[in-house]
Amino acid sequence: MWDFWIDRGGTFTDIVARRPDGALVTAKLLSHDPAHYADAAAEGIRRLRGSDPAPIAAVRMGTTVATNALLERKGAPVLLAITAGHEDALTIGHQARPDIFALNIVKPAPLHSATMAVHERVTAAGEVLAPLDEARAAADLAAWRARGFDAIAIVLMHGWAHSAHELRLAELARAAGFGEVVTSHQVGAVIKLVPRGQTAVIDAYLSPPLRHYVDTVAAGVDTPRLLFMQSNGGLAEARHFRGRDAILSGPAGGIVGMAATGAEAGYTRLIGFDMGGTSTDVSHYDGAFERQAEAIVAGVPVRVPMLRIDTVAAGGGSIVRFDGARLRVGPESAGARPGPAAYRNGGPLTVTDCNVLLGVLQPDFFPALFGPVGDAPLDVEAVRAGFAELAAAMGTTPEAAALGARAIAVDTMAGAIKRISIARGHDVGDYTLACFGGAGGQHACLVAEALGMRRVMVHPLAGVLSAYGIGMADVRVLREATLGLPLTAEAGEAIAARAETLAAEARAALAAQGLAFDRVETEARARVRYAGSDTPLELPLADPATLAAAFTAEQARRFGFTIADPDLILDSLAVEAVGRTTPLPLAGGVG
């Protein structure tokens, strides 16, 4: 049987297929080329499979559909239902100032299109100060549904710990005809109204367009098993794939692939350097996946566990231009259409074109995917003409302009690696630079040199490693909860009991996906912080004494100081159920 592993990126879609004989074959297509095919993933499957009658066992995908919908603000209209008196809470946000010297603060527009006040109130201790006004809520929900809203995010004060009102309001919303109903405690039973609420809104906003794409893929692919890559590094069955979990879908596959191929080569300390057409993703790996509990994506705080990835707008398609005073590279990208100047679609000069001019990219060894029919090689003459014009404006030579633009891109990418390594106490000289992505090999040595790294690892499938990693990934379900308990011996039983409850919930959610596994494992981690601090460190769950010792050691390594005789708080728990299967052997090399 066939297996297909697909990463649908912003510029290219990468496909790795395992044929019935066990051999691997690959394909790379432009993600958006409507003149030649409707969907790159389906077209790649068709081309690789050909007329082979063997059935498809499974299709595993990573997709940028949710990310693009968030960046371009093309999600579903969302009604925010929030405790009365807090209607502006998500719009106000946490008031952080990314640029503290900016006098004119321009905030992203809120994702929700309208707000409905919910008349209820529960205290942090669970006392009902004001019961849910069900009659009023039902009338309001019916009115908003009549206005055309189909997606609703329900965010009530202290709903993370006391969820009865959220659950009842969800029942009323479904009775009113809402098709997409998201409650904040279901996206994460964690404290902090704003990030929890924003995550619920994001889920309601992204899930409808994501579901439309999933249904489109399912209709075009004849397979009983369609799985999608989640931001946390695990797979989910198509029906259980949610918008909140899809933001780093493709890049997460790259980290899984990096870890798997690094282990095969004997390297466990890796810096991931994934350079694609639109952006570059960098990551740190030291034997375990690093996750962040909260991130800001497209200006919106997201409170959902995801692999820690730093993304910069420097890719092969980053546009090179001269503004009259200095040479600039990015952040704008030429994308798949029109693409770089060399792609024969009248596109602008890009980093890819720098490498064409300098001879790093040679048309004889580059896929012939361009021109009116989609079978022409790179257009070297268009690149030369573009750089001649740029160089004339700058008063230099075309080669010098190309070298300068490439140096700017390298500096941007090296700076991103410094932020996730050196700035967090890691000596990159002890690491291997794992190079992957379609454009990674063109710049890996320059980036390593800029960082003082001595070793670069390039896997034979480096150009499609995110797709390969999706094939290596396990199915994962993660559950988390805020505890806020003092880390003392007396709290040990309560901590263990809550961890077991979360593990049971995660295992049940994994079983609900209806997939077969060789074994199911659970992994539990604790987030511990100093009392009075709001920045926890994540550690493997253990008894309170062991956790306290591990926290002190990690605090000293990460920040260079510790506090004597501290009061420690177990802030929250994260428990993951992992469905593992024994990978089938590969045979026959790579075609």
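The values are calculated or read from the model by the stated rules, or taken from the named source; none is laboratory data. Predicted model only: the values in this text are computed from it and were never measured. Reconstructed Cβ throughout: ideal geometry from the backbone, glycine too, with neighbour counts over all protein chains shown. Remember, those area values only see protein heavy atoms, side chains included, never the ligands or the DNA or RNA. Shrake-Rupley method; radii C 1.70, N 1.55, O 1.52, S 1.80 Å.
Can you give me the C-alpha center-to-center distance between segment 60-118 and segment 530-569, rounded to a whole angstrom?
Using only Cα atoms to place each centre, the spacing works out to 33 Å.
Would you kindly find the accessible area of F559, with a 1.4 Å probe and non-protein molecules such as ligands, DNA and RNA excluded, rounding to the nearest 10 Å²?
Only protein atoms counted, so the area is about 100 Å².
Hey, can you grab everything whose amide H is under 5 Å from the amide H of H119? Only 5+ residues off in sequence or another chain; H modelled, so Pro and N-termini drop out.
Amide H neighbours of H119, under 5 Å, 5+ apart: A84, D133.
Full extension from A35 to A512: what is 0.36 nm times the residue separation minus their Cα-Cα distance, to one decimal in nm?
Details: separation 477, 0.36 × 477 = 171.72 nm, distance 4.02 nm.
Fully extending the segment from A35 to A512 adds 167.7 nm.
Work from the charge dipole of the chain (Cβ charges, +1 for Lys and Arg, -1 for Asp and Glu, about the Cα centre) and give the residue of M472, P110, P363 farthest towards its positive end.
So the residue we want is P363.
Treating only the Cβ of Lys, Arg, Asp and Glu as charged (+1, +1, -1, -1), what charge dipole size does the chain show about its Cα centre? Round to the nearest 20 debye. Working shown, then result.
Values: 52 positive and 63 negative charges, 112 e Å.
Taking the Cα centre of the chain as origin, the dipole is about 540 debye.
Just the Kirkwood number for the chain, please: inverse of mean 1/r across all distinct Cα pairs, in Å, one decimal.
On the way: mean 1/r = 0.0391 Å⁻¹.
Answer for the chain: a Kirkwood hydrodynamic radius of 25.6 Å.
Heavy atoms only, 1.4 Å probe, whole protein assembly: order T261, T115 by accessible area, highest first. Write down the numbers at each step before the final one.
Numbers: T261 5, T115 50 Å².
Result, largest first: T115, T261.
Can you work out ³J(HN,Hα) from phi for every residue in segment 259-270, in order, using Karplus 6.51 cos²θ - 1.76 cosθ + 1.60 and θ = phi - 60°, giving whole Hz and x for Gly and Pro?
Once rounded to whole Hz, the list reads 5, 5, 6, x, 4, 4, 8, x, 10, 10, 10, 10.
In debye, nearest 20, what is the charge dipole magnitude of segment 106-160 about its Cα centre with +1 on Lys and Arg Cβ and -1 on Asp and Glu Cβ, if you could check?
Values: 5 positive and 6 negative charges, 53 e Å.
For segment 106-160, the charge dipole is close to 260 debye.
Computed FRET efficiency, Cβ-Cβ of D567 and E493, R0 22 Å: what is it to the nearest 0.05?
Numbers: r = 20 Å, r/R0 = 0.89.
Efficiency for this residue pair is about 0.65.
Compare C445, C354 by solvent-accessible area with a 1.4 Å probe and give them largest first, with all protein chains kept in place.
Values: C445 100, C354 0 Å².
From most accessible down to least: C445, C354.
Mind grabbing the accessible area of R337 for me, 1.4 Å probe, Å², rounded to tens?
Roughly 100 Å² of R337 is accessible to a 1.4 Å probe.
Excluding residues fewer than 8 places away in the same chain, name every one of the lysines whose C-alpha is closer than 24 Å to that of K107.
Output for K107: K74, K192.
Amide H to amide H under 5 Å from N232: which residues, 5+ apart in sequence or cross-chain, H placed 1.01 Å off N in plane?
L307
Using Cα pairs closer than 8 Å and at least 6 residues apart in sequence, work out the relative contact order for the chain, in percent.
Computed value for the chain: 14 percent relative contact order.
Show which aspartates and glutamates lie in cross-link reach of K418 when reach means a straight Cα distance below 12 angstrom and same-chain residues fewer than eight apart are skipped.
Hits, sequence-local ones excluded: D310, D427.
Quote the accessible area belonging to V383 in square angstrom, nearest 10, computed with a 1.4 Å probe and with ligands, DNA and RNA left uncounted.
Rounded to the nearest 10, the figure is 0 Å².
Given I202, G492, V373, which one lies farthest toward the positive end of the charge dipole of the chain, if we put +1 on the Cβ of every Lys and Arg and -1 on the Cβ of every Asp and Glu?
Going by the Cα projections, it comes out as V373.
What ranking of D427, D3 comes out by heavy-atom accessible area, probe 1.4 Å, highest first?
Details: D427 90, D3 20 Å².
Listed by decreasing accessible area, they come as D427, D3.
Heavy atoms only, probe 1.4 Å: what % of the accessible area of the chain goes to carbon and sulfur, would you let me know?
Numbers: 13480 of 24870 Å².
Result for the chain: 54 percent of the exposed heavy-atom area is carbon or sulfur.
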